[in-house]
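Asker: Shown below is the structure under consideration.
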Amino acid sequence: MLKLLKFLKPFTIEIIFIFIFVFCQNMADLKLPDLMSQIVNKGIAVNNTSLIIHVGGIMLLVTLLGGVCSIATSFLSARTGAGLGKLLRGKVFSKAETFSLNEFDKFGTSSLITRTTNDVQQVQMVAIMIFRMVLSAPIMCIGGIIMASRKDAHLTLMLIYIIPVIVLLIFFVSKTAIPLFKVIQKKVDRLNLVQRDSLIGIRIIRAFNKMEYEMKRFDFANKDLTETSLKVNRIMAMVMPIMFLTLNLTTVGILWFGSKRIDMGEMQVGDLMAFIQYAMQILMALIMFSMAFVMIPRASASAERINEVIEAIPSIVDKETVLESKSQKGHIKFENVSFRYEGAEMLAVENVSFEALAGETTAIIGGTGSGKTALVNLIPRFYDLDGGKISIDGIDIKEMSQHYLREKIGYVPQKATLFSGTIAENIQFGKEDATEAEIKEACESAMAMEFISEIKDGINGEVSQGGTNLSGVKKQRLSIARALVRNPEIYIFDDSFSALDFKTDAMVRKNLKATTKNATIIIVAQRISTVMDADRIIVLDKGNIVGIGNHKQLLETNEIYEEIVLSQLSKEELA
């Protein structure tokens with residue numbers, strides 16, 4: 001929690017004003033019982049109307065001052081809390097943007113969403129509570145004790161026995177609750193994960209009649225969270241009854257002993273009334289402090305989770321001095337490259353060496369799990385190598401800045417991803433300043449204009465979140481157009497033609513030859529028809545290269561490639 005205080009620096013001036021307003025408000029509140037005592041002791045006793053009006057007027061002015069300061073404090077506290085929430089959300093999101101896929105795998109999407117929303121909200125609420133209550137409580141408590149001791153030092157001794165009881169209760173609650181609040185936030189992550197899976201996979205769930213199974217999964221996660229929350233709330237539920245019981249017993253004690261002192265002439269009625277007010281202020285200050293401590297443990301757990309993200313060091317970072325290639329060719333060279341996913345026992349890619357030349361197409365083929373996608377994900381540094389070297393135009397990609405490296409690449413993922421907005425805006429993800437003519441040209445090459453021309457607003461037609469208003473084939477064509485409009489040196493197509501029918505696949509690849517004739521093209525595919533015309537075909541098996549050559553060479557020399565070909569084409573078709 002203390003680590004997050006550094007984020008309050010932009011609000012220093014507002015916090016200073018909060019301190020001033022809280023102090024003025026508390027001084028006003030502490031003055032009122034003393035003024036009331038004067039009226040009771042002097043005014044009413046001798047029926048002094050002028051004294052009552054004079055002191056009563058001062059009370060009204062003091063009350064007005066306290067009210068104005070209270071409103072100002074509330075406004076500035078809410079403003080500062082909201083600003084802190086905005087700042088933390090921005091910090092978490094911007095830090096997540098710097099993560100490699102390793103960090104995303106480690107934290108998980110659902111957890112990052114929870115940390116950006118729920119956890120930040122917990123910290124924001126406690127920040128407001130600290131400014132409104134925790135700052136006020138010590139002033140009220142210490143000021144109340146001083147003012148009460150001025151009225152009667154003997155009765156003040158009662159409070160010395162009460163305060164330790166409340167402090168011990170606060171300590172017990174904090175020590176018990178903090179571990180449980182950490183568990184709660186993890187279970188919120190789990191609930192979000194289950195709910196997110198259910199919403200994203202709703203079509204599959206309904207297609208296989210798994211609604212009841214998903215309900216059971218959700219109910220289990222929901223019940224688990226509820227049980228832990230109830231356990232914490234039972235502990236918290238003890239606080240308020242014990243606090244108010246202590247407050248009321250203290251009031252009874254003060255009245256009992258105070259009445260005896262009045263009877264002996266050692267105390268006046270007005271002073272007793274004032275003393276009770278001061279005692280209430282002291283105890284209410286402690287109650288406010290305890291209420292804050294009820295919230296602080298959960299906010300503390302949330303703050304730790306936020307700090308985990310903000311202080312996480314990305315596994316892929318740019319070097320202080322980065323290099324840029326003088327020749328813009330896109331020549332890729334793999335040298336004994338090995339890679340293992342985080343936590344995996346076996347290497348996904350092992351001792352891979354090959355070259356992909358500018359103006360040529362290099363295809364990568366192999367069975368499921370052979371490491372095709374892992375291999376191409378290493379080129380834009382989505383993951384870092386465990387061994388070996390990848391260079392582009394003679395420069396190690398680790399020596400380049402990530403921005404410069406990815407500017408050279410047009411990437412089409414295996415699963416097409418579109419964003420809410422228009423078709424044109426989605427294409428402009430590839431090139432921000434792309435003109436309408438460039439967008440249409442890219443769409444023509446990707447065979448996307450066929451369906452775009454049928455849409456009411458053409459390239460300005462709306463795309464819903466995730467592209468759910470478009471079919472898989474249409475989304476894939478737009479993904480290809482997004483890469484083409486970038487006009488990069490290197491194109492990576494990660495099994496991105498699989499959603500296309502054979503005719504469209506052939507036409508798109510034909511268009512690509514004209515559009516990308518000077519670029520380096522890497523195609524990951526499982527269809528033989530997609531890779532047959534490639535200049536170079538790499539056959540992968542269990543992360544190892546088992547063959548390199550063109551279609552004819554591999555068909556004659558490589559058994560694995562021959563098996564793949566014969567599983568898709570007959571001998572007559574090959575002939």
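The values are calculated or read from the model by the stated rules, or taken from the named source; none is laboratory data. Given the structure is predicted, the values throughout are model-derived calculations rather than measurements. Using ideal geometry, Cβ is built from the backbone for each residue, glycine included, and neighbour counts are taken over all protein chains shown. These area figures cover heavy atoms from the full protein model, side chains too; ligands, DNA and RNA do not enter into them. Shrake-Rupley method; radii C 1.70, N 1.55, O 1.52, S 1.80 Å.
Asker: May I ask you to list the trypsin sites (Lys or Arg not before Pro) in segment 283-385 that are in a DSSP loop and have at most 15 other Cβ atoms within 10 Å of their Cβ?
Answerer: Values: sites: 298, 305, 319, 326, 329, 333, 340, 372, 381; in loops: 319, 326, 329, 340, 381.
Sparse-neighbourhood loop trypsin sites (Lys or Arg not before Pro): 319, 326.
Asker: What nm value, rounded to one decimal, do you get for the distance between residue 517 and residue 20 when each label is placed 7 Å out toward the C-beta?
Answerer: 7.4
Asker: Mind checking the angle between helix 136-151 and the chain's longest principal axis? C-alpha axes, 0 to 90 degrees, to the nearest 10.
Answerer: 10
Asker: What is the Cα coordinate range of segment 452-495 on the first, second and third principal axes, sorted by size from largest, in whole angstrom?
Answerer: Extents along the principal axes, in whole Å: 34, 19, 17.
Asker: Considering the Cα trace of segment 35-155, what is its radius of gyration and what is Dmax, both in angstroms?
Answerer: Cα only, segment 35-155: 25.0, 82 Å (Rg, Dmax).
Asker: With +1 on the Cβ of every Lys and Arg and -1 on the Cβ of every Asp and Glu, and nothing else charged, how large is the dipole of the chain about its Cα centre, in debye rounded to the nearest 20? Don't skip to the answer; put the middle values down first.
Answerer: On the way: 63 positive and 61 negative charges, 413 e Å.
Once rounded to the nearest 20, the dipole reads 1980 debye.
Asker: If you take every DSSP beta bridge fully contained in the chain, what fraction is antiparallel? Give it as a percent rounded to 5.
Answerer: Working: 19 of 37 bridges.
Bridges in the chain are about 50 percent antiparallel.
Asker: Ordered by packing density, taken as the mean number of other Cβ atoms within 10 Å over each peptide's residues, highest first, how do 446-457, 475-486, 214-225 rank?
Answerer: 475-486, 446-457, 214-225
Asker: OK, next. Report, in cubic angstrom per residue, the convex hull volume of the C-alpha atoms of segment 138-191.
Answerer: Hull volume normalised by residue count: 82 Å³.
Asker: Using all C-alpha to C-alpha distances in segment 397-505, build P(r) with 10 Å bins and read off the rounded percent in each one.
Answerer: Using 10 Å bins, I get a P(r) of 15, 49, 29, 6, 1 for segment 397-505.
Asker: As a test of the definition: which semi-axes, in Å, follow for segment 310-386 when you take the square root of five times each eigenvalue of its alpha carbon gyration tensor? Largest first, please.
Answerer: So the three semi-axes of segment 310-386 are 22, 22, 10 Å.
Asker: Over all Cα pairs of segment 447-575, how is the pair count split among 10 Å bins, expressed in % and running from 0 up to the last occupied bin?
Answerer: Computed distribution, short to long bins: 10, 37, 31, 16, 6, 0.
Asker: Can you give the accessible area per residue of segment 246-347, in Å², using a 1.4 Å probe?
Answerer: Values: 5430 Å² over 102 residues.
Ligands and nucleic acids excluded, the figure is 53 Å² per residue.
Asker: If you don't mind, there's one more thing I want to ask. May I ask for the Rg/Rh ratio of segment 102-184, computed from Cα atoms with Rh as the Kirkwood radius, given to two decimals? Working shown, then result.
Answerer: Values: Rg = 20.3 Å, Rh = 16.6 Å.
Answer for segment 102-184: 1.22.
Asker: Among 370, 252, 68, which residue has its Cα furthest toward the positive end of the charge dipole of the chain, with +1 on Lys/Arg Cβ and -1 on Asp/Glu Cβ?
Answerer: Going by the Cα projections, it comes out as 252.
Asker: Can I ask one more? Could you tell me the distance between the Cα centroids of segment 393-432 and segment 177-194, to the nearest Å?
Answerer: Result: 35 Å between the Cα centres.
Asker: For residue 200 and residue 224, FRET efficiency with R0 = 35 Å and r from the beta-carbon atoms, rounded to 0.05?
Answerer: With a Förster radius of 35 Å, E is 0.95.
Asker: Then there is this: For residue 469 and residue 212, what is the calculated FRET efficiency with R₀ set at 35 Å and r taken between the beta-carbons, to the nearest 0.05?
Answerer: After rounding to 0.05, the efficiency reads 0.75.
Asker: Give me the extension gain from residue 27 to residue 336: residue separation times 0.36 nm, minus the current Cα-Cα distance, reported in nm with one decimal. Walk me through the numbers on the way to the answer.
Answerer: Numbers: separation 309, 0.36 × 309 = 111.24 nm, distance 7.45 nm.
Computed gain between residue 27 and residue 336 is 103.8 nm.
Asker: If you scale each eigenvalue of the Cα gyration tensor by 5 and take the root, what three semi-axes come out for the chain, rounded to whole angstrom and sorted largest first?
Answerer: Working: eigenvalues 1040, 119, 94 Å².
Sorted largest first and rounded, they come to 72, 24, 22 Å.
Asker: Give me the distance in nm between label points sitting 7 Å out from Cα along the Cα-to-Cβ direction at residue 60 and residue 417, one decimal.
Answerer: It is 6.6 nm.
Asker: Given a 1.4 Å probe and heavy atoms of the protein chains only, how would you sort 438, 556, largest accessible area at the top?
Answerer: If we order 438, 556 from most to least accessible, we get 556, 438.
Asker: Averaged over all directions, how much area does the convex hull of the C-alpha atoms of segment 212-345 cover when projected, in nm²?
Answerer: Projected area, direction-averaged: 20.8 nm².
Asker: What is the spread of the Cα atoms of segment 152-231 along each of their three principal axes, largest first, in whole Å?
Answerer: For segment 152-231, the Cα spread along each principal axis is 78, 18, 16 Å.
Asker: For segment 223-277, what is the per residue volume of the convex hull drawn over the alpha-carbon atoms, in cubic angstrom?
Answerer: 58
Asker: In whole angstrom, how long is each semi-axis of the equivalent ellipsoid of segment 367-417, when you take the square root of 5 times every eigenvalue of its Cα gyration tensor and sort them from largest down? Kindly include the intermediate steps, with their values, before the conclusion.
Answerer: On the way: eigenvalues 82, 47, 14 Å².
Taking √(5λ) for each eigenvalue gives 20, 15, 8 Å, largest first.
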